[in-house]
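Input: a single structure, listed below in structure tokens.
No lab work stands behind these numbers, since they all come straight from the coordinates. Worth saying up front: this structure is predicted, and the values here are computed from it rather than measured. Note that each Cβ is placed from the backbone with ideal geometry, even for glycine, and that neighbours are counted across all protein chains shown.
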Amino acid sequence: MSQGETPRKANGVEERAGIHSANFHFPEGFLWGASTSAHQVEGGNTLNDWHDWEQAGRVPEKSGRAADHWNRFRSDFDLARSLGHNAHRFSLEWSRIEPADGVWNPEAIAHYREVLEALRERGIEPVVTLFHYTMPRWMAARGGWESPDMEKRFARYVRKVVSELGPLARWWITLNEPMVQMYKGWLLGQWPPGRSDWGAAVRVLRHMMRAHVIAYHHIHDLRPDAMVSIAKHALAFSPCDPRRWRDRLSVRMRSYVFNHLILDGLHTGMLHVPGLFWERLPAGRTLDFIGVNYYTRDFVHNTGLDLPGWMGGSCGFDHRLQVGKLNDLGWEVYPEGLAKFLHEYSRFKLPIVITENGVPAADDDDRWTFLFMHLWQVARAIADGVPVVGYLHWSLLDNFEWADGYRARFGLIEVDYETMERRIRRSALKYADIIRRNEL
Ligand code: IFM
């Protein structure tokens, strides 16, 4: 913190605005930890649509054993604990819990109970994701998110899981990054079900939002003090050519649709896709906190005067305006974007948890720089009064990065995929030091 600044109160903690050096104190009880998802780390997930997609050769690598976390979760949580983590986000694999329509697998439920107990025994607060991209094969065959049945089926699964596991978890994420899933699965066709159909995409989004709302009420019914949200992927946008008004307008439209439409809808109980439709969702406000996944920025240009054209296209990361270094997957490192979203989402007047933020980096120094720069932005936002209550780094372990396979190394902990040995990275130790001091 620089000298001569005036201390002030934010979140009940004395802090200073404009951070320039050390000693920013995070609020007491701040949730510190990391995130994973079932299909990316567990291994042996063979009952979902992603498995089938991999077997059909639609992506270069198969998830296979992943990080074998299904068998090693206890020792992985020991490592997390040794790094000072007091929170951990993971997802339940629906296809293991309900391998066929209406058929429950008690062993899978017992497994996830053990996972939750293992976290609790180590003093780690669980944040449970109910749906992280993967669809049970039987539901995918019925149309998955395109099917009007999906709401009912998802609600039944949620009710079952929360009645079994609810006492062990207070923090729940219904859906991970619905907009990303819709975009990659139903517009770009890069992920299952590999479609490219605007009408279907809009239906999918509608079903996802309705499914969240219904799930929200089931969770609260079974666990009234639950904290429920979605994990919203926030992607910063800038115009390819800032002098071109059409590019600027496309940035505004894309940003509204990608970053705000879902949260606004769930906050107000209204689903509004400008020019397409307007609908009252089943019931009121259904967010108890805002879950934010943040990674990067994209440059956008207008590509036509129809709806897809106004939504714009990406002009890539070689643009002259790009300010940050590119990571191993070619995404720009742009920490300012995180602060921007934290400020924008503070309009909901709800606690904010950063449910993912991380970098694919074979060079661990790049991970540390990324982590520090993003935590700096979090600290600045808190100092400005934004109610951020947690930061969960993506990811605890190296894992299966969907269509990018295993080359993207996101882990605080390195995984040797031959031997399944774990090695704590130096960035994880430095992060542990911040956690221990609760200060930057
Ligand atoms: O690995 C993914 C995760 O499944 C969802 N959020 C983004 C991460 C990095 O791409």
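For Asn399, the residues whose amide H sits under 5 Å from its own are Phe410, Gly411, ignoring neighbours fewer than 5 places away on the same chain, with H placed 1.01 Å from N.
Summary of the geometry: region 127-177 and region 188-204, compared by the centres of their Cα atoms, lie 20 Å apart.
For the chain, modelled as a GNM whose springs connect Cα atoms under 10 angstrom apart, the maximal fluctuation among Leu263, Leu79, Leu130 occurs at Leu79. Across all C-alpha atoms in region 117-194, the radius of gyration and Dmax reach 14.8, 43 Å.
Give me Cys240, Cys315 sorted ascending by neighbouring Cβ count inside 10 Å, so fewest comes first.
Cys315, Cys240
When only the Cβ of Lys, Arg, Asp and Glu is charged (+1, +1, -1, -1), the dipole of region 338-440 relative to its Cα centre reaches about 500 debye. Over the C-alpha atoms of region 350-440, the Rg to Rh ratio, Rh being the Kirkwood estimate, stands at 1.01.
Quick one: of the DSSP bridges fully inside the chain, what percent are antiparallel, nearest 5? The antiparallel proportion sits near 30 percent. With q set to 0.12 Å⁻¹, the log10 of I(q)/I(0) for the chain, from the Debye formula over equal scatterers at the Cα positions, is -1.03. Each residue of region 151-168 was assigned a 3J(HN,Hα) from its phi angle through the Karplus expression (A = 6.51, B = -1.76, C = 1.60, θ = phi - 60°), giving 4, 5, 5, 5, 4, 5, 4, 4, 4, 4, 5, 6, 5, 7, 10, x, x, 9 Hz with x at Gly and Pro.
Stretching Arg65 away from Ala100 to a fully extended chain increases their span by 10.4 nm, per 0.36 nm per residue minus the current alpha-carbon distance. Computed over the chain, the per-residue total of -39500 (n - 2.57) for DSSP H runs of n ≥ 4 gives a 222 nm mean residue ellipticity of -11000 deg cm²/dmol, rounded to 500.
Each Lys and Arg Cβ is given +1 and each Asp and Glu Cβ -1; about its Cα centre, the chain then shows a dipole of about 1020 debye.
Which whole-percent values make up P(r) of region 72-166 when all C-alpha to C-alpha distances are grouped in 10 Å steps starting at zero? Calculated P(r), rounded to whole percents: 15, 45, 27, 13, 1. Residues whose amide H falls under 5 Å from that of Met227, counting only those 5 or more places apart or on a different chain, are Trp171, Trp172, with hydrogens built in the peptide plane. Sequence-ordered 3J(HN,Hα) estimates for region 67-84 from the Karplus curve with 6.51, -1.76 and 1.60 and θ = phi - 60° stand at 9, 6, 5, 3, 8, 10, 4, 5, 5, 5, 6, 4, 5, 4, 5, 5, 8, x Hz, glycine and proline given as x. Between Arg89 and Ala34, Ser35, Thr36, Val127, the built amide H atoms are under 5 Å apart, and every one of these is 5 or more places off in sequence or on another chain.
Per residue, the average separation of C-alpha pairs within less than 8 Å and at least 6 apart gives region 392-440 a relative contact order of 25 percent. With the convex hull constructed from alpha-carbon coordinates only, region 284-440 shows a mean projected area of 12.1 nm² over all directions.
For the chain, what does the relative contact order come out to in percent, with C-alpha contacts under 8 Å and a separation of six or more? Don't skip to the end; give the middle numbers.
Values: 896 pairs, mean separation 80.4, N = 440.
With pairs under 8 Å counted, the relative contact order is 18 percent.
The relative contact order of region 177-264, computed from alpha carbon pairs under 8 Å that lie at least 6 residues apart in sequence, is 22 percent. In the chain, the sites counted are GluC sites (Glu not before Pro) in DSSP loop states with at most 16 other Cβ atoms within 10 Å, and the longest stretch holding none of them, exclusive of the sites, is 62-417. Does region 290-353 come out rounded, prolate or oblate, given a ≥ b ≥ c as the square roots of the eigenvalues of its C-alpha gyration tensor, rounded meaning a/c under 1.5 and, failing that, prolate meaning a/b above b/c? Judged from the Cα gyration tensor, region 290-353 comes out oblate (a/c at least 1.5, b/c at or above a/b). Loop sites here are chymotrypsin sites (Phe, Trp or Tyr not before Pro) outside DSSP states H, G, I, E and B with no more than 16 other Cβ atoms within 10 Å. The longest part of the chain free of them is 105-316. When all alpha carbon pairs of region 169-241 are counted in 5 Å bins from zero, the resulting P(r) reads 3, 16, 19, 18, 17, 12, 9, 4, 1, 1, 0 %.
3J(HN,Hα) along region 335-344, derived from phi through the Karplus expression 6.51 cos²θ - 1.76 cosθ + 1.60 where θ = phi - 60°, amounts to x, 4, x, 5, 4, 4, 5, 4, 5, 4 Hz, with x in place of Gly and Pro.
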